[in-house]
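Trainee: Please find one structure pasted underneath; my questions will follow.
The values are calculated or read from the model by the stated rules, or taken from the named source; none is laboratory data. Since this is a predicted model, take the numbers as computed values, not measurements. We place every Cβ from the backbone using ideal geometry, glycine too, and count neighbours over all the protein chains shown. Side chains are part of the model used for accessible areas, which takes the heavy atoms of the whole protein and leaves out ligands, DNA and RNA. Shrake-Rupley method; radii C 1.70, N 1.55, O 1.52, S 1.80 Å.
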Amino acid sequence: MKHRLVYLLTVFSLSAFTQPWSTFLDSSRAINWSGAGFTVPNYSVNCSTQPTLQTGSGNASANATAIQNDLASCDSTHNVVNLPAGTYYVTNWNYGSQGYQVVRGSGPNSTYLYMTAGGGACDGFGGSICMFGNPGYYNGSSAILPPSGSNQCLWTGGYAQGTTSITLSSCGGAPPLHQTIILDQANDNTDTSGVFICDTSSSANCTYKGNGAGDNNGRVISGLSHSQQQVAYITGVTSLGGGSYTVTISPGVYFSTIRSSQSPGAWWPGFVQNDGLENLTVDYSQSTGGSTNAAAVTMLNCYQCWVKDIRSIDAGRNHVYLIQSAGDVIRDSYFYQSQAHSSVSYVVEPEAASAFLVENNIFQQVTNPIMTGQASGAIYGYNFSTDDIYTTPATF
């Protein structure tokens, strides 16, 4: 009876404080996950073919081909590739562009995969396991650069924080309905009490980070970096004629500093939706990718994709890489060790990613559990990290 009473009091306490951050975090900086995120689907219908995996390191390529072929047999209503219990070697695999599919093991203590090849599986971004949306444009691709790029527009209206209706003009092509779009603007090179992304290489100003074109994990247009970015989902497109459109997005504009003087713009890099990895162990200790390669799970142009209930061991650059993606989830997983413990040894590394959730994970003997670069709308909650180590130099 005592235990039951304590539980009830806990429930009442949680419901009484619906905004526990409100005493220390300005409401304009808070993100509501119920509006930005999604619930990981519980797919239950098998894809038309299922893999028969072979044991032994000599079968790594054959096992990768089997998984790849089974993923190709999935469609919007047949979603599950089941990996059997056992220990197997696999080179790498790419989910393909159809989306709505999950690779599911029999449990982290039952299905054990040694990934033997890193890189090459994800359009040059590395990754033994790749959730990748075509066509795969990135911030330096000609297709997303003005004035003639086919996958870009100027952002000419709808700047207010929270707005879900924006105006795009001088578009090289029509913005894609039911896909993601990246909103950006030129970095502020002075502190306006808003978002400040430093572009200089002088420590007297702000940082040693500078590299000529600035902190350029975004587009570089006329010599100016556009690293202040938000990835949003397009829910509506209305043509206004002459290459202009009204575009409805979800979630609404995050930033309070969008203004015409900073040349706001929009671009779309490619798209895939609802790819997932569940219930298995992935071990990269046999990978040929090297310690600085992103020899792990890469989500590239991936919307509402997920990693859940996995054990990830001895990754290279990172365990999970989020690039130009939105609404993704990394949860209920255990991440252990890296191939190196130096300046590029991460677990979750987002670049130009938004509205993602990292929740209820354990990080053990890694160097940096979360390395955030040009991410917005991220939510990190209920994660635990222990025994973080840095071995270069050995005195650290």
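Trainee: State all residues of the stretch 351-370 that are under 18 Å from V329 (Cβ atoms) and outside any strand (DSSP E or B); if no residue qualifies, say none. Walk me through it before giving the result.
Mentor: Residues of the stretch 351-370 that are under 18 Å from V329 (Cβ atoms), as a first pass: 351-363, 369-370.
Correct list: A355, F356, N360, N361.
Trainee: Considering (1) within 13 Å of L277 (Cβ to Cβ); (2) open to solvent by less than 10 Å² (accessible area, probe 1.4 Å); (3) out of contact with any Cys (no Cβ under 7 Å at 6 or more places or on another chain), say which one N82 fails and leave the rest.
Mentor: (2)
Trainee: Where in the stretch 239-339 are there strands (runs of 3 or more DSSP E), lying fully within it, with 1 or more residues that are closer than 30 Å to S44 by Cβ and among the hydroxyl-bearing types (S, T, Y)?
Mentor: 244-250, 275-283, 297-300, 306-315, 320-323, 334-338
Trainee: Scanning the stretch 69-79 for residues that are assigned to a loop (DSSP other than H, G, I, E, B) and under 21 Å from M299 (Cα atoms), which turns out modelled with the lowest pLDDT? Give the derivation first.
Mentor: First, pick out the residues of the stretch 69-79 that are assigned to a loop (DSSP other than H, G, I, E, B): 73-74, 76-77, 79.
Next cut, under 21 Å from M299 (Cα atoms) only: 73-74, 76, 79.
Working: S73: 96, C74: 95, S76: 89, N79: 97.
For the stretch 69-79, the residue satisfying everything is S76.
Trainee: Out of the residues in the stretch 281-292 that are of a type outside the set (D, E, K, R) and surrounded by fewer than 24 Cβ atoms within 10 Å (Cβ to Cβ), state the one that is modelled with the highest pLDDT. Before the answer, list the steps.
Mentor: Step one: filter the stretch 281-292 for residues of a type outside the set (D, E, K, R), giving 281-282, 284-292.
With surrounded by fewer than 24 Cβ atoms within 10 Å (Cβ to Cβ) added as a condition, the list becomes 281, 285-286, 288, 290-292.
Numbers: T281: 98, S285: 91, Q286: 90, T288: 79, G290: 67, S291: 61, T292: 62.
Ranking the qualifying residues of the stretch 281-292, first place goes to T281.
Trainee: Spot the failing condition for T235; the list is (1) open to solvent by 10 Å² or more (accessible area, probe 1.4 Å); (2) touching a Phe, Trp or Tyr at 6+ places or on another chain (Cβ under 7 Å); (3) in a strand (DSSP E or B), and only one is missed.
Mentor: (2) is the only condition that T235 fails.
Trainee: Read through the list (1) open to solvent by 30 Å² or more (accessible area, probe 1.4 Å); (2) closer than 27 Å to T55 by Cβ; (3) aliphatic (A, V, I, L, M), then give the number of the only condition that L113 fails.
Mentor: (1)
Trainee: Return the residue satisfying two criteria in turn: it lies in the stretch 161-178 and is under 18 Å from Y254 (Cα atoms) and open to solvent by 40 Å² or more (accessible area, probe 1.4 Å), and of such residues it is farthest from the chain's Cα centre (by Cα).
Mentor: In the first step, residues of the stretch 161-178 are kept if they are under 18 Å from Y254 (Cα atoms); the result is 161-168.
If we keep only those that are open to solvent by 40 Å² or more (accessible area, probe 1.4 Å) as well, we get 161-162, 164-165, 167.
Numbers: Q161: 23, G162: 22, T164: 22, S165: 24, T167: 26 Å.
This residue is T167.
Trainee: Collect the residues in the stretch 306-320 that are among the β-branched types (V, I, T) and open to solvent by less than 10 Å² (accessible area, probe 1.4 Å), keeping them in residue-number order.
Mentor: Correct list: V307, I310, V320.
Let's see how each residue does on (1) open to solvent by 10 Å² or more (accessible area, probe 1.4 Å); (2) aromatic (F, W, Y); (3) touching a residue at least 40 places away in the same chain (Cβ under 8 Å):
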position	(1), (2), (3)
L322	no, no, yes
F335	no, yes, no
S338	no, no, yes
H341	yes, no, yes
S345	no, no, yes
V348	no, no, no
I362	yes, no, no
Y380	yes, yes, no
F384	yes, yes, no
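So that you can scan it fast, the table gives a plain yes or no per residue for (1) under 17 Å from I129 (Cβ atoms); (2) under 23 Å from the mean Cα position of the chain (by Cα); (3) part of a helix (DSSP H, G or I):
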{"site": "S61", "(1), (2), (3)": "yes, no, yes"}
{"site": "A64", "(1), (2), (3)": "yes, no, yes"}
{"site": "I67", "(1), (2), (3)": "yes, yes, yes"}
{"site": "V81", "(1), (2), (3)": "yes, yes, no"}
{"site": "Y89", "(1), (2), (3)": "yes, no, no"}
{"site": "G96", "(1), (2), (3)": "yes, yes, no"}
{"site": "V102", "(1), (2), (3)": "yes, yes, no"}
{"site": "P108", "(1), (2), (3)": "yes, yes, no"}
{"site": "L113", "(1), (2), (3)": "yes, yes, no"}
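Trainee: Further question on the same structure: Of all residues in the stretch 250-263, which are under 17 Å from A378 (Cα atoms) and either among the β-branched types (V, I, T) or surrounded by fewer than 18 Cβ atoms within 10 Å (Cβ to Cβ) (or both)?
Mentor: Residues satisfying the conditions are S250, V253, S256.
Trainee: Take Y208 and tell me if it is assigned to a loop (DSSP other than H, G, I, E, B), at pLDDT 95 or above and farther than 30 Å from G99 by Cβ.
Mentor: no
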